Structures are given as C-alpha cells and as structure tokens.
Amino acid sequence: MVQPALNISKKEIAVAILNWNGAHFLERFLPIVIENSPEAEIIVIDNASEDQSVSFLQANFPEVKCVLLDKNYGFAEGYNRGLKEIDFPFFVLLNSDVETPKGWLTPLLHNLKSNPHLAACAPLILDIQKKDYFEYAGAAGGYLDQDAYPFCAGRIFYNFEKNVQQYSENREVFWASGAALMIKQEMWQEVNGFDPTFFAHMEEIDLCWRLKNRGFGIGVCGESSVYHVGGGTLDRQSAFKTYLNFRNSLFLIVKNHRRSPLIPFLFKRLILDGIAGIRFLSEGNFKYTLAVLKAHFHFYAKANVYFKLRKQEKKAWTKPNLYGYFAGSILVSFFFKHKKNFNELDQTLFFESEK
C-alpha cells in the first residue's frame, strides 16, 4: 500500500533508493549513505520485496522513510510510482548497491543550482572492486554516436579506464547514469519520469534524451564520485540484459531521434544489430544471438506504439541541446581504429555548440 506523500523535512534533497530483494545491499550500504548524506532525507522505495528488506529497515533504521509498492514494477515504473509520493526540490535516484563517500552530495547540488539550464547531473561512477577504475554503469558520463550507440567517458564497451583525474572537471554530456542521478523535481515532472515500458536498462538515456530534446542540459560532476557494485539486480552478462539493451535501444531511437526520414536510419541500425548477433554466434554465445533476435521481434510487434509516442514527444520538442553527441561511429573508432579510451577519440566530432 503506497503511503501518503513524504515532505516531512526542510531539506532540499531526497535520496531515493529503489529496492527489490536487496536486504544484503541495504545492510552493507545504507548506513554509509545515511552517515555521508546529512543534507538529504533518505527514502527507500520498496518494489514488494520478498526477502527481509522491509522488516530489516523497520528494525534497524526506523528513521528511514519507506514507500511500499504493491508489486515489483521494475526500475522505471518503480521509481515513477515511488517519486509521486515524495515532495522535494531535488531527487537523487540511488541504486542500493552504491557506496557514497563523504561530501558526495553538495557538489551535485551546487552544480545544478549554478547552471540553471541543467536538468540533472551525476557523479563519477567508479568500480567498488577496483576503486581507481571507472565502472560500467555511466563511468564519467554518457555520450551518443551517429548511429545512436551509447558509450561513456572512462568506459567504451568493456574497456575500463583508470581514474587519474582526467575527468575531474564538471562537464555537459548526453546522458548520465541512473545508478546515482540528481534531477530537479520539476524536470522529472516535465517529462513524466521514466518510460515504464523500458522496465529496466537505458531508461535513464531515454529520460535524458527527452530532456535534451526540450533544450535542457545533462551534466556530470567531476567533483563528486560514488562506488558501484554493478549487476546487483541483473548480471551485465546475462542474456536477458542483452535482450533489454537491444530492444530498448530501438525504442530510444524511434521515440527520440530527430533524424528525418527516420526509417533508413533505423534500418541501418537493425543491420548493425544483426552483425552483432552474428558476432555473438561466431563466439559461441548462442543465447546472446537469440536475445538479439528476440529484441528485434519484440520491437516489430511494438513499433506502432513507439511511433505514436514519437508523435507525442515531437509536440514538446524545441531547439535540441546537442552537447555530448559524437558525429562519428564508436564501433569504427573502437574496433577498427583501436581507440580504446575516450580521450583518444576525435574530439572535433563532439558537439559542444550548435553546428
């Protein structure tokens, strides 16, 4: 049963942790979040966990407010429903498997307040197992290439950079990680939160892209960092995650890409996905090839729904914010030109202003 709206303090920030069967993560990381986030109200949104999560919270952290959902709505709709019950000027969407060091919140808040055009920003995401390396989920900020493939500063495909303060400045990017994302409440409401049909994975890219199509900016705060376990709910190597990533990337394009006509661009992307499926097969990863096929068939079945959503989204489009768009191919750069690190990419191909 969802509880009444929570606006029980004068604090500006609500750190909202979405939880599903994550009692072990709450036990490990919640005390650290509480200790190192004095500026914020800590709220757990529970997706009808079947483990001891709720009883653990009630017994050990009665000061932490909870929003209890009636079933597992997934990452996207779980946050949508939970944040409707929370009233703070700034939300921080924080994964339950994230370690937050001292002083992580203030730079994020300052960055958003100092840059009114920014709708959201994220800290650097580092690997909790190797704390001097960037982690998969967002690393040092997300970008999008000419074929709408996402990649990150600090992590391109499965090449992870060591953090040597090369991304220590605050920057605009194309998208920011949902593992630890601060967003203005008004901006969250502007785009009606996440698209629930994504269920999980890439919903934060969709959120950021919709904001950028309305002219707003997305930032990464190099003065703040957190440490992420990764794969806490779904292993990054799982076939189901492969399916979600390929399916959701197609949904992303149909909803948000401003290319006209769109169909030839989409056809090219489908071919590139097919090549990826063949590569999986050549490596003996038959289950990943099946995941790509399943994603495409699901896309064909739902394409009309997303073209309708595209039509709705276009009504809200203004002059787009193109910061973070890479007018080149990350596939060619990585696999053929052997550019493994972000700073090795042709920096003249990144949009930093209207071209």
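The values are calculated or read from the model by the stated rules, or taken from the named source; none is laboratory data. Quick caveat, the model's predicted, so the values are computed rather than measured. With ideal geometry, Cβ positions are generated from the backbone for all residues, glycine too; neighbour counts draw on all protein chains shown.
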### Task
Tell me which of these GLY138 doesn't satisfy, since it passes every other one: (1) in a helix (DSSP H, G or I); (2) surrounded by 20 or more Cβ atoms within 10 Å (Cβ to Cβ).
(1)
### Summary
Among (1) more than 24 Å from MET187 (Cα to Cα); (2) of a type outside the set (Gly, Ala, Ser); (3) modelled with pLDDT of 95 or more, GLU12 falls short only on (1)
### Message
Condition (residue is crowded, with 21+ Cβ neighbours inside 10 Å and not in a strand (DSSP E or B)) applied to the stretch 117-127: is it met by at least one residue?
### Response
no
#### Entry: Out of ILE43, ILE32, sole residue that is β-branched (Val, Ile, Thr) and farther than 22 Å from GLY138 by Cα
ILE43
### Task
May I ask you to verify whether PHE240 is within 23 Å of ASN19 (Cα to Cα) and surrounded by fewer than 21 Cβ atoms within 10 Å (Cβ to Cβ)?
yes
### Task
Only residues that are among the hydrophobic types (A, V, I, L, M, F, W, C) and crowded, with 20+ Cβ neighbours inside 10 Å: list them for the stretch 161-186, please.
VAL173, PHE174, TRP175, ALA176, ALA179, ALA180, LEU181, MET182, ILE183
### Query
Which is farther than 30 Å from SER168 by Cβ, touching a residue at least 24 places away in the same chain (Cβ under 8 Å), touching a Ser or Thr at 6+ places or on another chain (Cβ under 9 Å) and among the β-branched types (Val, Ile, Thr), of VAL226, VAL292?
VAL292
### The listed residue being more than 25 Å from HIS110 (Cβ to Cβ), in a strand (DSSP E or B), touching a strand residue (DSSP E or B) at 6+ places or on another chain (Cβ under 8 Å) and touching a residue at least 24 places away in the same chain (Cβ under 8 Å), out of VAL67, VAL15
VAL67
